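In what follows, a single structure is set out as structure tokens and then discussed.
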Amino acid sequence: MAIRVNLDMMMLRRHISAGELAERVGITPANLSILKNNKAKAVRFSTLDALCRALDCQPADLLEWVPEEQPED
Amino acid sequence: MFWNDRRSLELSRWCVRGFCLVLAAVDVGCYPLVKWYMSMNRQTMGQGLWDGLLMMGSIWLISVPAWAALYRLGQLLKNIAAGQVFTPENVRALRIISWCFVTAGALCFVSAFHYLPWGIFAAACGFMALLMRVVKNCFEQAVLMKDELDFTV
């Protein structure tokens, strides 16, 4: 996936556990794990809003675009 | 309310069982059935031994894809009853059912060279194969959409 979710780093900076974050954001720990492990295919704006609010950060602090290698012809 | 999804599903499962019984009866009682049919249609079909054998052969051959389709249909309904609707396994089952109809249609088409009314069954099987294929395509898209939805946080 070309978009990387830097949730681990932000959680470390804010000293917040996965369980606490999941509770504050209002998502299940399983869904938070999907986000953390970069398995998510889409993120709702409402979830992003809740994450930014809980972690006191900007969406750009959480999401990063990583260029993927293009297959050669 | 008296009628609900669970009962509808149960009715479908009983219908599949009913078709299995009818197909088993046709397979087992093929000889007397063909004999009776030939006696009823003396004007339209030949009365020789080969005519009867070809008719019986057609029925038995066509019953092979019919059994396969019924088996897959039963599996499909079992999965749906278990709450597993849009899964790759169900898409595969629908694809196999569609190919069963294609096979049955092809066999009916070949049999129509011997006895023309088989052509009607060939056309019906072709149409059913087409319908199953469209349903399979819908399920295929639904599986992709469900996959996307499951990983939307």
Filtering the stretch B:30-81 for residues that are open to solvent by less than 80 Å² (accessible area, probe 1.4 Å), more than 20 Å from B:PHE121 (Cα to Cα) and outside any helix (DSSP H, G or I) leaves a count of 1
Those residues of the stretch B:24-76 that are at pLDDT below 95 and of a type in the set (Phe, Trp, Tyr) come to a total of 4
Of the residues in the stretch B:132-149, those that are within 11 Å of chain A (Cβ to nearest Cβ) and either open to solvent by less than 80 Å² (accessible area, probe 1.4 Å) or over 20 Å from A:ARG44 (Cα atoms) (or both) number 1
The residue that is farthest from the other protein chains (Cβ to nearest Cβ), considering only those in the stretch A:1-55 that are open to solvent by 70 Å² or more (accessible area, probe 1.4 Å) and in contact (Cβ under 8 Å) with a residue 60 or more places away in the chain, is A:ARG4
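The values are calculated or read from the model by the stated rules, or taken from the named source; none is laboratory data. Everything numeric here is computed off the predicted structure, so don't read it as measured data. For neighbour counting, all protein chains shown are included, and Cβ atoms are generated from backbone atoms with ideal geometry for every residue, glycine included. What goes into the accessible areas is simple: the full protein's heavy atoms, side chains included, and nothing from ligands, DNA or RNA. Shrake-Rupley method; radii C 1.70, N 1.55, O 1.52, S 1.80 Å.
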